[in-house]
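Read the figures in this text as sums done on the coordinates, not as results from a lab. The shown structure was predicted, so the numbers you read here are calculated from the model rather than taken from an experiment. Neighbour counts run over all protein chains shown; Cβ positions are idealised from the backbone, glycine included.
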Amino acid sequence: MKNNTEYTEKILDPSAQEAIFNLREVIGNITKDNSEDLKALVRVLEKLFDNNKAIAQSLDIDKTIAQLLNISEDKVKKLSNRENAKLDAIMKKLFETSPRMFLGTIDNLYETNYRQQYLTGRLVDSDIKFLPTEFVRETFRFEVLRADIILQIKDNYYQIEIQTSHDNMAIRFARYGLEIGLKKNIFNPETGALKIELPEQSVIYLENNRNNPRPNDYEIWWRNEKLATIQVRDLKIWELDIDDMLEKNLYNLLPMSIFQYRIRLKKATSKKEKQKIKNEFLKKAKQVLKKAKALSSKLVDGDIDLIITILGELINYFDSEFFGGSIERLGEFNMTFTEEIQGYRTRINTALKEGKAEGLAEGEAKGIIKVAKNLLKKGFEIDVIMETTGLSEEEVKKLQAEIEKS
């Protein structure tokens, strides 16, 4: 492939052109057959360009990197980490919610009952902390390890990785576990030794794109004796349908149920096949939206806002990546997310107004009872009603019993 530098030289000033020339000299010493070196270089350049607003706005970054490295733009896209980074950011948002939305996922991964504890007041917001996920290893190269999610609930520590590829991660988990343990090490006065406690670890796989029969578990040995087996739990999104997610309280993972179509779209070889998958994709997306709007009795406003917003981001990602913008252009998913968010909130506000309108003439206390009964009849959870009305759990349950008897 001929190295054409005209594109970058037209828009860069002399000092930048000199830097590019020097960079090409360095690049020339890298063996192009070494895919790992090339991948690392593509991702470093990508990050440098993305972080420079002036360059990012004036250059086609993939085209520029292709010319710098004398490789094709398709090769740059394959080695790029931009797509995965965007998907990682979307997934992490799904844990930046109220605990009642993500604690069901924690329970499912680690066989705990945190969500129930939270709903009954035995677990509170201050018991839950998201910890830093970046560790700098003080090696010669000062390597940086970045975990996806590290969570502390009371005195327990949890690490969750989110993977688009179904590959083995045992070595990565061993490194993460040790770094997290070192970060929170304490002196054990009973033994006089440093106590390094590993977190509980798990991985959420988004798609089954590799045959990986081995688990991510790893063993810790010393003097030819096994000290412990660290079990790494996993959750495979493609094995769950929407109803499974709702039954298991995996509310924050609901938008990811449409992700299963990506691997099929990547393998699709004809327009007819791609159109068939697209129709299935749109049907599933509409089902997710409908189910999300029906969760107003289970979740708070901001949680459902986020489910709908993330669903929109994923639809936009699929539309630009696989459908050439046709979903938006043809109005095949005809919705404005703001309007949808307002729509499900109307249901809550209507329930509240109905109760309050009936209760105003009877005094504030009776009005609150009317509100609570109205919410109970519409299927809202007890903790949501407690939060809305200020009534105690005992008072709400008493009202529930009255309704059941009538």
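Structural remarks
- FRET efficiency for Arg146 and Ser297, using Cβ-Cβ distance with R0 set to 30 Å, rounded to 0.05: 0.20
- If both residues of a DSSP beta bridge must be in region 131-239, then about 60% of such bridges are antiparallel.
- Residues whose amide H falls under 5 Å from that of Ile162, counting only those 5 or more places apart or on a different chain, are Asp148, Ile204, with hydrogens built in the peptide plane.
- Sorted by Cβ density within 10 Å, fewest first, the residues Thr164, Thr229, Thr64: Thr229, Thr164, Thr64
- Links that overshoot a 26 Å alpha carbon limit, given the list Lys93/Lys286; Lys129/Lys283; Lys293/Lys377: Lys129/Lys283
- Placing a pseudo-label 7 Å from each Cα along the Cα-to-Cβ vector at Lys47 and Glu96 gives an inter-label distance of 1.9 nm.
- Amide H within-cut-off set for Gln201, under 5 Å, with H built and near neighbours excluded: Gln159, Arg233
- Exposure proxy ranking, count of Cβ atoms within 10 Å, fewest first, for Asp234, Asp301, Asp74: Asp74, Asp301, Asp234
- C-alpha center-to-center spacing [region 257-279, region 185-202] in angstrom: 48 Å
- Exceeding the 23 Å Cα-Cα cut-off - candidates Lys184/Lys248; Lys63/Lys272; Lys248/Lys298: Lys184/Lys248; Lys63/Lys272
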